[in-house]
Amino acid sequence: MGEAADSDPYASILKRISTSDVPLLKEYGLSGVAVALLLAVAIPVLLSSLFGKKMKKRAVVADVGGDAGLTMRNSRFSDLVQVPWEGATTMAALFEMASKKYSRHKCLGTRKLINREFIESSDGRKFEKLHLGEYEWDTYAEAFYRACNFASGLIKMGHRLDSHAAIFSDTRAEWIIAAQGCFRQNLTVVTIYASLGEDALVHSLNETQVSTLICDSKQLKKLPAISSKLQSLRHIVYIEDEPVEAETLNQMKHWTTLSFTEVEEMGKTSHVEARLPSSSDTAVIMYTSGSTGLPKGVMIAHGNMVATTAAVMTIIPKLGIGDVYLAYLPLAHVFELAAETVMLASGSAIGYGSALTMTDTSNKIKKGTQGDVSVLKPTLMISVPAILDRIRDAVFKKVGEKGGLTKKLFDFAYNRNLAAIEGSWFGSWAPERMIWDNIIFKPIRAILGGRVRFVLCGGAPLSSDTQRFMNICLGVPVGQGYGLTETCAGAAFSEWDDTSVGRVGPPLPCCYVKLVSWEEGGYTTSDSPMPRGEVVVGGYSITQGYFNNEAKTNEVYKVDKRGIRWFYTGDIGQFHSDGCLEIIDRKKDIVKLQHGEYVSLGKVESALTTSSYVDNIMVYADPFHNYCVALVVPAHQALEKWAQSSGINYKDLEELCQNDQAIKEVQQSLSKAAKAARLEKFEVPAKILLLREPWTPESGLVTAALKLKREQIKTKFKDDLNKLYH
Ligand SMILES: *[C@@H]1O[C@H](CO)[C@@H](O)[C@H](O)[C@H]1NC(C)=O
Ligand SMILES: *[C@@H]1O[C@H](CO)[C@@H](O)[C@H](O)[C@H]1NC(C)=O
């Protein structure tokens, strides 16, 4: 809603994160250079070939029967973990027990609003600027008390126990309090990404027959316009994160409408006995984008979420009451919900922030005042690759601008640490890394508050460059995760001491990961050097299926003879010799041509991207033909340079993209790239179209992590694709 419908929940966040505030690097004096040179010469001599790295076995073969395939489990646990500790079998029990255990510790923190003002830019547009103060904290005991009150208040308000409640709000403390309140009454919470758009919202609320909607003030304003479509709705609870105008409330007459505080107050004065759920009850119906059409509601049981929580708690070293977590990704996404549940289970403090207020120079932060990270100084964060990419680019840009000695020293130190991490022949000599850390990299760390010690990254593959940047410049290990809503976030997670790149680690201890041969696609578990196949995940974290969609559920979820539930992800993976998983392809991105050959679109695209003329490319294969075609966004500079040197006359880029010679030139370059990658003839696009407009997340054609959105691109260029085949 508001923004263009976008199935990528992170796209809009990404647009808002400002990283123009890279802390300035100090100018380093001659002493730094001297130390650098000394170390550069001395250490290799001292330490040559002392260390050889042994590969640690992180997953082992598990014998669990079921469909044929190669099944692995985490090597640290011989049995799958199911609960974080005895008795914590539901989200409600987990929170209640945690609030007793950590009662006086900080639990949920929200920044105090000191002042809100609007400033006008030169072109007359108005911008909201916030002056936010310190964090104000609810202790665990207080947060639990609020959740109990909210639960009572909700029932007093008239919410019927046999109907669902939905939460439609940005990430904030009330989100967790409301959800935990619902869990205490065994109510299922429906969640919807704000970025899915209005139709998706209407569809989700209607499909699940939601009777109470809990929303923030921003979403509240949108309701009157769609009220006629929200037929099952009876009650609205709005969070007063911004002043709500009487006029808005007047338009809510056909619903019982109360503020969040009113509901809490009501619960305080009239307590309603809890009706606690069991582990197999549905905690959340989480709507996620379907690749086509309407969103699907994934039913997540209490038992699924506590299993993931238990598993992730074993991944983060020394997790506990000393940790401070910055919460800013959407809670309607399973990744964030799982992460916050992990924090709650471990007694950590959760400080809420937002992409708009994260750093000192974020859009909504009043000049001269502090962003969320500067005030909170988190120790743990989760992120998606695109956000980390942006931070990396900002730092490198700043260093480049400084130039001179700063850049030389930075590059030198960076390369030394890179070599150390990658385990080159002089091993990693801690004192040297410490020196570089202190003089070069420490100032940069202020960009995330200076105390971050572990970053969990998920949602899409993280590039090796960015992972190394995080290791070196921010000095933090990055745990890469792989999982889907259907597997309740975690399926595989790289461990903190694993510094390799491009892999997603061993299975989490709550589930098995199995590879199943896909003969037609050419991926089998007997492939060498690594077994390959479709990634199938089984165990306690596998969710219950899609709400109201048994056909689709039965298609991708299977239960084996031993009662283990499996989810068929459609992703293609391979197991490394230490048991870590790497995702290499996507089943639905593989098309069978008319004559029976298979084209793996992703594989072909990554081969063709090596052509210097390609900025972006989507290969398309129509199963009714025996060749494929491609849409190419050319690299403008390279193409124009070629055009000038070949004496081509053209008015503008648009015209150049239609020039036959230009098309031919790009196509030849693609053929060369294909040959270098040993592609088969049928894999090389027989016809191409050059497109002038770049594909950006804003255009909706690629995700925030710049992954192609095939369906959207196919729809937009439907006619062009048809023409390429005629
Ligand atoms: C709500 O769902 C019912 C079926 O349960 C359907 O007939 C109706 O058209 C839906 N309404 C909207 C507004 O989607
Ligand atoms: C929780 O609610 C569901 C759905 O109404 C019901 O089937 C289940 O038995 C309830 N759980 C408990 C422990 O009462």
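The values are calculated or read from the model by the stated rules, or taken from the named source; none is laboratory data. Note that this is a predicted model, so its numbers are computed, not measured. Neighbour counts run over all protein chains shown; Cβ positions are idealised from the backbone, glycine included. These area figures cover heavy atoms from the full protein model, side chains too; ligands, DNA and RNA do not enter into them. Shrake-Rupley method; radii C 1.70, N 1.55, O 1.52, S 1.80 Å.
Brief remarks on what is shown
- Residues that are free of Cβ contacts under 8 Å to residues at least 40 places away in the same chain and open to solvent by 20 Å² or more (accessible area, probe 1.4 Å), drawn from segment 693-726: 696, 699, 712, 715, 716, 718, 719, 722, 723, 726
- Yes/no for residue 645 being open to solvent by less than 50 Å² (accessible area, probe 1.4 Å) and hydroxyl-bearing (Ser, Thr, Tyr): no
- Every residue from segment 665-723 that is within 25 Å of residue 655 (Cα to Cα), part of a loop (DSSP other than H, G, I, E, B), out of contact with any Pro (no Cβ under 9 Å at 6 or more places or on another chain) and among the charged types (D, E, K, R): 693
- Checking 472, 447 one by one, the residue that is under 30 Å from residue 406 (Cβ atoms) and in contact (Cβ under 8 Å) with a residue 60 or more places away in the chain is 447 and no other.
- Any hit, segment 265-279, residues being closer than 19 Å to residue 187 by Cα, under 26 Å from the mean Cα position of the chain (by Cα), at pLDDT 95 or above and of a type in the set (S, T, N, Q): no
- Complete set of residues in segment 181-203 that are more than 15 Å from ligand 2 (Cβ to nearest atom) and either open to solvent by 10 Å² or more (accessible area, probe 1.4 Å) or out of contact with any helix residue (DSSP H, G or I) (no Cβ under 7 Å at 6 or more places or on another chain) (or both): 191, 193, 194, 195, 196, 197, 198, 199, 200, 201, 202, 203
- Being open to solvent by 40 Å² or more (accessible area, probe 1.4 Å) and of a type in the set (Lys, Arg) is a description that applies to residue 532.
- One residue alone among 286, 313 is under 22 Å from residue 96 (Cα atoms), in contact (Cβ under 8 Å) with a residue 40 or more places away in the chain, away from ligand 1 (no atom under 16 Å from the Cβ) and not small (Gly, Ala, Ser), and that residue is 313.
- At least 2 residues being over 30 Å from residue 491 (Cβ atoms) is the threshold, and among the strands (runs of 3 or more DSSP E) wholly inside segment 48-151 those reaching it are 106-120, 126-139.
- Hey, residue 178 surrounded by 22 or more Cβ atoms within 10 Å (Cβ to Cβ), within 29 Å of residue 137 (Cβ to Cβ) and within 16 Å of ligand 1 (Cβ to nearest atom) or not: no
- Taken over segment 360-384, the criterion of being farther than 18 Å from residue 453 by Cα and either free of Cβ contacts under 8 Å to residues at least 40 places away in the same chain or in a loop (DSSP other than H, G, I, E, B) (or both) is satisfied by 360, 361, 362, 363, 364, 366, 367, 368, 369, 370, 371.
- Pairing residues of segment 654-672 that are under 18 Å from residue 694 (Cα atoms) with residues that are not aliphatic (A, V, I, L, M), at Cβ distances under 6 Å and at least 6 apart in sequence or on separate chains, gives 654/692; 656/650; 657/692; 666/613.
- Checklist (1) outside any loop (DSSP other than H, G, I, E, B); (2) buried (at least 18 other Cβ atoms within 10 Å of the Cβ); (3) within 16 Å of ligand 1 (Cβ to nearest atom) applied to residue 233, failing item: (1)
- Counted residues, segment 299-315 - those being touching a Phe, Trp or Tyr at 6+ places or on another chain (Cβ under 6 Å) and crowded, with 24+ Cβ neighbours inside 10 Å: 1
- Residue count, segment 246-288 (criterion: more than 19 Å from residue 149 (Cβ to Cβ), assigned to a loop (DSSP other than H, G, I, E, B), out of contact with any strand residue (DSSP E or B) (no Cβ under 8 Å at 6 or more places or on another chain) and away from ligand 2 (no atom under 16 Å from the Cβ)): 3
Each row is one residue, and each column tells you yes or no for (1) away from ligand 2 (no atom under 16 Å from the Cβ); (2) within 30 Å of residue 98 (Cβ to Cβ).
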position: 153; (1), (2): yes, yes
position: 161; (1), (2): no, yes
position: 169; (1), (2): yes, yes
position: 222; (1), (2): yes, no
position: 229; (1), (2): yes, no
position: 233; (1), (2): yes, no
